[in-house]
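Undergrad: Below you'll find the structure I mean.
Readers should treat all values here as calculations from the given coordinates under stated rules, not as data from a laboratory. Just so you know, these numbers come straight off a predicted model, no measurement behind them. Every residue, glycine among them, receives a Cβ derived from its backbone with ideal geometry; neighbour counts consider all protein chains shown.
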Amino acid sequence: MKSLLLSLLLVCVALGAEGKLIQYGDETFDLEVQMYEPPLVIADGQLAEGEDAPEWWPAYDALKNFRDGRGYEEWIAYFSPQYRERFKLSPEAFERMKQQPENPLMNPPLRTALYELELKWDGRRIVFVKMVDTRLESMPENLRRLPVLSSVQVFEQSADGTWQNQALDATGIGMEMPYSDPAKAEAIIEAGNVYYDHGLHPVVK
């Protein structure tokens with residue numbers, strides 16, 4: 001795997017930004033951010049009726065709603081090989097998971113997906129989705145200071161087109177993104193290029 005770092009973007013604008021090629025040394029990355037307007041509210045593990053499901057939804061559904069009666073072979077298709085290995089998702093582990101009581105910390109009754117960042121790099125298509133553990137009907141004014149616990153769900157498209165849950169540290173350059181620094185990301189998008197100073201400090205040329 002190539003040993004380089006990349007900072008992806010998020011933009012302080014209401015409707016997000018179109019994809020743009022970012023130059024980093026001899027490499028070129030296709031980056032895109034989509035702000036969900038309105039944000040996607042997930043209540044009890046389900047999108048609201050009539051809500052258009054994003055591409056990554058089947059993977060998220062498998063991650064959170066694994067007690068819905070599906071078998072192991074159907075369920076495991078939504079997890080990358082790296083994710084399966086990292087969390088030891090064997091058939092036996094799947095059966096044990098289904099027997100455990102539901103945990104509101106692992107599957108909050110209310111979540112809101114705010115935006116997604118897509119990275120196309122080295123033949124890979126990876127999506128990072130920022131979520132907060134509450135209902136938000138509109139985009140917060142300051143994405144760097146969210147009101148409640150937030151997290152990032154990571155999905156990667158497999159060779160057969162299936163979106164799968166992916167481990168963050170299996171995304172290569174993707175794991176070094178400054179997810180909560182809109183001003184820095186906006187500058188990178190505007191410049192169209194970036195280099196890195198001492199590791200995790202993206203600097204616009």
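Undergrad: Report the residues of segment 94-131 in range of a label on residue 67: point 7 Å along Cα→C-beta, backbone N strictly under 19 Å from it.
TA: The answer is 94-111.
Undergrad: For the pairs 98/130; 20/120; 64/120; 64/98, note any where the Cα-Cα span goes beyond 19 Å.
TA: 98/130; 64/120
Undergrad: A further question on this structure: Three principal axis extents, largest first, for the C-alpha atoms of segment 1-178, in Å?
TA: If we take the Cα atoms of segment 1-178, the spans are 49, 39, 27 Å.
Undergrad: Given the Cα-Cα distance of residue 100 and residue 135 and 0.36 nm per residue of separation, how much length would full extension add, in nm?
TA: Full extension of this stretch gives 10.0 nm more.
Undergrad: Can you tell me, using C-alpha contacts under 8 Å and at least 6 residues apart, the relative contact order of segment 1-178 as a whole percent?
TA: Relative contact order, segment 1-178: 30 percent.
Undergrad: Among 120-133, 39-52, 86-99, how do they line up from the highest to the lowest mean number of other beta-carbon atoms within 10 Å?
TA: Numbers: 120-133: 18.2, 39-52: 13.9, 86-99: 12.1.
Packing order, densest peptide first, comes out as 120-133, 39-52, 86-99.
Undergrad: Express in nm, to one decimal, how much length is gained between residue 93 and residue 160 on full extension, taking 0.36 nm for each residue of separation and deducting their alpha carbon distance.
TA: Details: separation 67, 0.36 × 67 = 24.12 nm, distance 2.52 nm.
21.6 nm is the gain from fully extending residue 93 to residue 160.
Undergrad: Give the long-range amide H neighbours of residue 40: residues separated by 5 or more places, or on another chain, with amide H under 5 Å away, using H modelled in the peptide plane at 1.01 Å from N.
TA: For residue 40, whose amide H was placed from the backbone, the distant partners under 5 Å are 113.
Undergrad: Let me ask something else about it. Net charge near residue 43: determine it from the other residues with C-beta under 9 Å of the C-beta of residue 43, scoring Lys and Arg +1 and Asp and Glu -1.
TA: Net charge around residue 43: +1.
Undergrad: What is segment 75-120 by shape, rounded, prolate or oblate, if you read a ≥ b ≥ c off the alpha carbon gyration tensor as root eigenvalues and call it rounded for a/c under 1.5, prolate for a/b larger than b/c, and oblate otherwise? Kindly include the intermediate steps, with their values, before the conclusion.
TA: Values: a/c = 3.13, a/b = 1.19, b/c = 2.64.
It is oblate, given that a/c is not under 1.5 and a/b is not larger than b/c.
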